[in-house]
Amino acid sequence: MERTLVLLKPSTVQRALIGEIISRFEKKGLRIAGMKMMQLTDELLDDHYSHLLGKPFFPALKASMMKTPVVAMCLEGVDAIAVVRYITGYTNGRKADPGTIRGDYCMSNQQNIVHASDSPEAAVVELARFFRPEELYDLYDLNLDRLYAIDEWQ
Ligand code: TYD
């Protein structure tokens, strides 16, 4: 079982798509182990997007991420990190496949609806950046027999 970080970006909040995007993840079978609304800061975004420091779009990216609060989510499932990236789609919404979240909901490379951790290492670091341990909930195995064959999650 893996956990991954998803952020519903300000463009999602501004366009009143929060419920619709959460619903996509829920319907897929990903479980919400933690969720909160929060205003991001300059310092947090310097850490979160440190791999993009120096890119020409970096200041605009940071400004766009602070325009409204975001919704931070910890999603849980077997291979959750790769699954969430797959259904999120290519970075640029104009090139993302139809059926992916970015492909279905945006036209932009920057206002692209969600952030999703891109590796197991990033997921660990990013979840610790956005959530305190007590903000993440252990959902036990209450519905796993409906989501998976037993040998897929044990
Ligand atoms: P990146 O980590 O490359 O993509 P992803 O979000 O798919 O993991 O980039 C992080 C964010 O930076 C991306 O979601 C939107 C923004 N961005 C731009 O604004 N312009 C660009 O040309 C790129 C590549 C990214």
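To the nearest ten degrees, helix 18-28 and the longest principal axis of the Cα atoms of the chain are 40 degrees apart.
Dimensions of segment 1-86 based on its C-alpha atoms, expressed as ranges along the principal axes with the largest first, amount to 36, 27, 19 Å. Solvent-accessible surface of the chain, taken per residue with a 1.4 Å probe and all protein chains present: 55 Å². With the simple model of a label 7 Å out from the Cα in the direction of the Cβ, Met66 to Asn109 spans 2.3 nm.
Multiplying the residue separation of Lys36 and Lys95 by 0.36 nm and subtracting their alpha-carbon distance yields 18.3 nm. The chain has equivalent-ellipsoid semi-axes of 26, 18, 14 Å, by the square roots of 5 times the alpha carbon gyration tensor eigenvalues, sorted largest first. Relative contact order for the chain: 33 percent, from Cα pairs under 8 Å spaced at least 6 residues apart, divided by residue count. Only protein atoms count toward the accessible area here, which uses a 1.4 Å probe; on segment 2-153, the carbon and sulfur part of that area reaches 55 percent.
Note on Lys62: aspartates and glutamates with a C-alpha under 12 Å away, same-chain residues under 8 apart excluded, are Asp42, Glu43, Asp46, Asp47. Counting only Cβ charges, +1 for Lys and Arg and -1 for Asp and Glu, the dipole size of segment 50-154 around its Cα centre is about 960 debye. Using just its DSSP H runs of length 4 or more, each adding -39500 (n - 2.57), the chain gives a mean residue ellipticity at 222 nm of -10500 deg cm²/dmol after division by all residues.
Remark: accessible surface ordering of Arg132, Arg85 (largest first) is Arg132, Arg85, probe radius 1.4 Å. A cut-off under 14 angstrom between Cβ atoms defines the neighbours of Pro120, and their net charge, with Lys, Arg +1 and Asp, Glu -1, is -4.
Within the shell of other residues whose beta carbon sits under 12 angstrom from the beta carbon of Thr68, the net charge comes to +3, with Lys and Arg scored +1 and Asp and Glu -1. Length gained on full extension, Asp47 to Ala82: 10.4 nm, using 0.36 nm per residue less the C-alpha separation.
The values are calculated or read from the model by the stated rules, or taken from the named source; none is laboratory data. Quick caveat: nothing in here was measured; it's all calculated off a predicted structure. Using ideal geometry, Cβ is built from the backbone for each residue, glycine included, and neighbour counts are taken over all protein chains shown. Please note that ligands, DNA and RNA were not included when accessible areas were found on the heavy atoms of the full protein model with its side chains. Shrake-Rupley method; radii C 1.70, N 1.55, O 1.52, S 1.80 Å.
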